[in-house]
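The next block holds one structure in the form of structure tokens; read it before the comments.
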Amino acid sequence: MKIIESKISQKKPAPYTVVFTLIVLMLAGCQAREQGQGQGPAQPVFAISTIKLETGKIADYLTLSGDMVAGSSVDVYSDTAGTITRRYVSIGSRVAKNQPIAEVDPSQPGMNYIPSVVRAPISGVISGLPGQVGMKISQSSPLAVISGDGGLEIELHVAERFIYRIRMGLPCEITLDAYPGDNFRGRISEISPVVNISSRTMMIKVNVDNPGDRLKAGMFAKVKIITEEKENAITVPEGAVLQRGGQNFVYTVRADPDDPEDSRAVRTPVTLGLNIDNMFEITEGLEPGDEVIVRGQTTLTDGSRVNVIQ
């Protein structure tokens, strides 16, 4: 029997393979020596954005909406029943007290009387004229409506859960689609003593400042009722506040005591106050001038190396 023996050829390693192996072994030895000396691997550096804290004024508010109405409105009636034969005013006319508004002729077939002149009971602006020339009216039918000079009001309805925040005289900021970008002022002038059982709301009225008579009854208004104001408050964006283990905290930036050019993230517990327009009031834990991380903070831990990029 013939036995065939196979030979496995062995190649010598290429020179560059030997060099690469030596470099790897040298690096491994250097790393082992560094770890033995307690230096450990380099820590990652996190890119972050920060803000410098300042004090300012903040205001808590309720936002409601309603129609603008005349502060005082009076229906005008004739002393006699008859036919309206003449009208001295039109809608929008300004009248003084005792100024003639219309004439009503009480004459009937076979009986002629002197027309009766209907006069304005108050000064103001004619806001309605339900009585037209030629109409027969009775003494209980309004001939005209006068909006007094007592200013304009907005009637609002406050939900029951917010009633505790409402007080007489609270300031209001008013905006209207008719005047985009303009803000008007007002104050709560009337508060209903009862709550509507059906809607569970309380009616309030806001007296409106009307410089230049630009505002008109019937306009739709958005009202921001300022329920609380604070001076010298410290605020941070809502997203900067984190919560772990039932504790609220933010990350601030501090220089490393061992290397002033190295910045570290410091976990800083805070106490929260008002939450307004996605901003938290900080009542304890931070001071003006502190640098708070507002972007990139979710991946940090206390003592992380950071690099402020914005």
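Quickly run through the stretch 274-286 and pick out the residues that are in contact (Cβ under 8 Å) with a residue 12 or more places away in the chain and over 15 Å from PHE249 (Cβ atoms).
First, pick out the residues of the stretch 274-286 that are in contact (Cβ under 8 Å) with a residue 12 or more places away in the chain: 274-276, 278-286.
Hits for the stretch 274-286 are LEU274, ASN275, ILE276, ASN278, MET279, GLU281.
Spot the failing condition for SER138; the list is (1) on the phi > 0 side of the Ramachandran plot; (2) in the same structural domain as THR83 (by TED's automatic domain parsing), and only one is missed.
(1)
If I go through the stretch 233-255 residue by residue, how many of them are touching a helix residue (DSSP H, G or I) at 6+ places or on another chain (Cβ under 9 Å), surrounded by 14 or more Cβ atoms within 10 Å (Cβ to Cβ) and not in a strand (DSSP E or B)?
So the answer is 1.
From LYS205, LYS216, LYS224, which residue is closer than 29 Å to PHE280 by Cβ, in contact (Cβ under 8 Å) with a residue 12 or more places away in the chain and basic (Lys, Arg)?
Being closer than 29 Å to PHE280 by Cβ, in contact (Cβ under 8 Å) with a residue 12 or more places away in the chain and basic (Lys, Arg) holds for just one of LYS205, LYS216, LYS224, which is LYS224.
Kindly list the number of the only condition in (1) under 50 Å from the mean Cα position of the chain (by Cα); (2) buried (at least 17 other Cβ atoms within 10 Å of the Cβ); (3) under 19 Å from ARG86 (Cβ atoms) that fails for GLN132.
The one condition GLN132 does not meet is (2).
Quick check on the stretch 157-173. Is at least one of its residues closer than 24 Å to GLY92 by Cα and within 40 Å of the chain's Cα centre (by Cα)? Let's see the steps before the verdict.
Initial filter on the stretch 157-173 (closer than 24 Å to GLY92 by Cα): none.
No, because not a single residue in the stretch 157-173 is closer than 24 Å to GLY92 by Cα and within 40 Å of the chain's Cα centre (by Cα).
Which residues, taken from the stretch 30-59, are modelled with pLDDT of 50 or more, farther than 21 Å from ASP302 by Cα and of a type outside the set (Lys, Arg)?
Correct list: GLU54, THR55, GLY56, ILE58, ALA59.
Which strands (runs of 3 or more DSSP E) sit wholly inside the stretch 47-142 and have at least 1 residues that are farther than 25 Å from ILE154 by Cα? Working first, answer last.
Details: elements: 55-70, 73-77, 82-87, 100-105, 116-119, 124-128.
In the stretch 47-142, the matching strands (runs of 3 or more DSSP E) lie at 55-70, 73-77, 82-87, 100-105, 116-119.
Tell me yes or no: at least one residue of the stretch 156-171 is within 18 Å of MET68 (Cβ to Cβ), surrounded by fewer than 16 Cβ atoms within 10 Å (Cβ to Cβ) and either among the acidic types (Asp, Glu) or in contact with an Asp or Glu (Cβ under 9 Å, 6 or more places away or on another chain) (or both).
no
Could we say that SER140 is more than 24 Å from ASP60 (Cβ to Cβ), touching a residue at least 12 places away in the same chain (Cβ under 8 Å) and out of contact with any helix residue (DSSP H, G or I) (no Cβ under 9 Å at 6 or more places or on another chain) here?
Here the answer is yes, as SER140 does meet what is asked.
Please specify each residue of the stretch 267-292 satisfying the condition of being of a type in the set (A, V, I, L, M, F, W, C), part of a strand (DSSP E or B) and either at pLDDT below 95 or more than 17 Å from ALA47 (Cβ to Cβ) (or both).
LEU272, LEU274, ILE276, MET279, PHE280, ILE282
Only one of these conditions is not met by GLU190: (1) crowded, with 16+ Cβ neighbours inside 10 Å; (2) closer than 24 Å to GLU229 by Cβ. Which number is it?
Status for GLU190: all satisfied but (1).
Looking only at residues that are among the charged types (D, E, K, R) and under 24 Å from ASN207 (Cβ atoms) in the stretch 68-111, which one is surrounded by the fewest Cβ atoms within 10 Å (Cβ to Cβ)?
It comes out as LYS97.
The values are calculated or read from the model by the stated rules, or taken from the named source; none is laboratory data. Being a predicted model, the structure only gives us computed values, none of them experimental. Neighbour counts run over all protein chains shown; Cβ positions are idealised from the backbone, glycine included.
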